[in-house]
Amino acid sequence: MSIITLSFIALALFLGYTVAVALSMAATFGITAVLPNFVATDNRIRRGYKYTQDAVWLVCAMAGGYVASLVNGESHEWLVGSGLVAILIAVLWMNAWEMRQRGLGHQLVMSFVSAVGVAVGFLIHLR
């Protein structure tokens with residue numbers, strides 16, 4: 001692989017991750033500002049919000065996958081797609097406070113949703 005190819009792969013991963021996380025943060029802050037009682041009670045995340053967070057993360061992962069595919073194009077799509085999934089899941093599991101708040105079930109769901117979202121984002125662009 002050439003330096004230019006590696007640069008595009010790195011840029012695709014960076015932008016895909018940035019888009020997914022930025023959209024997720026914007027949605028989280030927006031929902032929390034508008035519906036604080038829906039999000040948490042007694043400093044505990046509510047079950048309905050956890051499901052909402054799963055759905056929002058699916059959309060965010062799709063957007064991240066789409067952007068990564070847009071930057072990367074059709075070359076090395078398996079490398080970039082699986083790399084983005086690995087990065088999203090690794091960061092998801094490294095955030096210990098949120099992991100404790102969500103619970104194991106939602107961590108597993110969000111891991112699965114990360115993979116599905118990135119794959120769908122890639123498929124939408126490469127279609």
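The values are calculated or read from the model by the stated rules, or taken from the named source; none is laboratory data. No experiment lies behind these values; they were computed from the predicted model shown. Heads up, the Cβs are rebuilt from the backbone with ideal geometry, glycines too, and the neighbour counts pull from every protein chain shown. Ligands, DNA and RNA are stripped out before the accessible areas are found, and what is left, the full protein with its side chains, is counted by its heavy atoms. Shrake-Rupley method; radii C 1.70, N 1.55, O 1.52, S 1.80 Å.
A few remarks follow.
- Within the accessible area of the chain (1.4 Å probe), percent carbon and sulfur: 72 percent
- Cubic angstrom per residue, convex hull over Cα atoms of the stretch 1-51: 85 Å³
- Applying 1/(1 + (r/R0)^6) with R0 = 25 Å to the Cβ-Cβ distance of Phe112 and Thr5 gives a FRET efficiency near 0.25.
- The stretch 7-21 and the stretch 47-72 have their alpha-carbon centroids 14 Å apart.
- Solvent-accessible surface of protein heavy atoms, probed at 1.4 angstrom with all chains present, puts Ser114, Ser82 in the order Ser82, Ser114, largest first.
- Heavy-atom accessible surface of Thr41, to the nearest 10 Å², is about 70 Å², with a 1.4 Å probe and all protein chains retained.
- For the chain, the Cα-based Rg and Dmax, in that order, read 15.5, 53 Å.
- For Ile124, the solvent-accessible surface with a 1.4 Å probe is about 90 Å², rounded to the nearest 10.
- Accessible area in square angstrom per residue, the stretch 1-78, 1.4 angstrom probe: 62 Å²
- Restricting the GluC sites (Glu not before Pro) of the stretch 64-112 to loop positions (DSSP other than H, G, I, E, B) with no more than 11 neighbouring Cβ atoms within 10 Å leaves Glu74.
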